[in-house]
Amino acid sequence: MPSGIATYDEDRSQTRTGTGPQVMAALRNTAIDALRTADITNIAAANRHHALDSTRLLALLGIT
């Protein structure tokens, strides 16, 4: 199973109409791509790590 699958709990999403599902998929893919660009392979662990402190994500993206 590729990294990132089920990491964002997509199966429980209630976004089902209009362009919502495509937008959510694009956001998830962007987040995964940003982590992979930083050579992070364990997406779930990286999500937990960055969720603890929002400045970590900003630093990862070079926005600090």
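We did not get these values from a lab; they are worked out from the coordinates using the rules stated. No experiment lies behind these values; they were computed from the predicted model shown. Neighbour counts are summed over all protein chains in view; Cβ atoms, including those assigned to glycine, are modelled from backbone coordinates with ideal geometry.
Structure summary
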{"item": "When residues of the range 32-47 are limited to those that are over 9 Å from the mean Cα position of the chain (by Cα) and charged (D, E, K, R), the one farthest from residue 9 (Cα to Cα)", "result": "39"}
{"item": "Close pairs from the range 41-64: first charged (D, E, K, R), partner assigned to a helix (DSSP H, G or I) and surrounded by 12 or more Cβ atoms within 10 Å (Cβ to Cβ), Cβ under 7 Å, at least 6 apart", "result": "56/49; 56/50"}
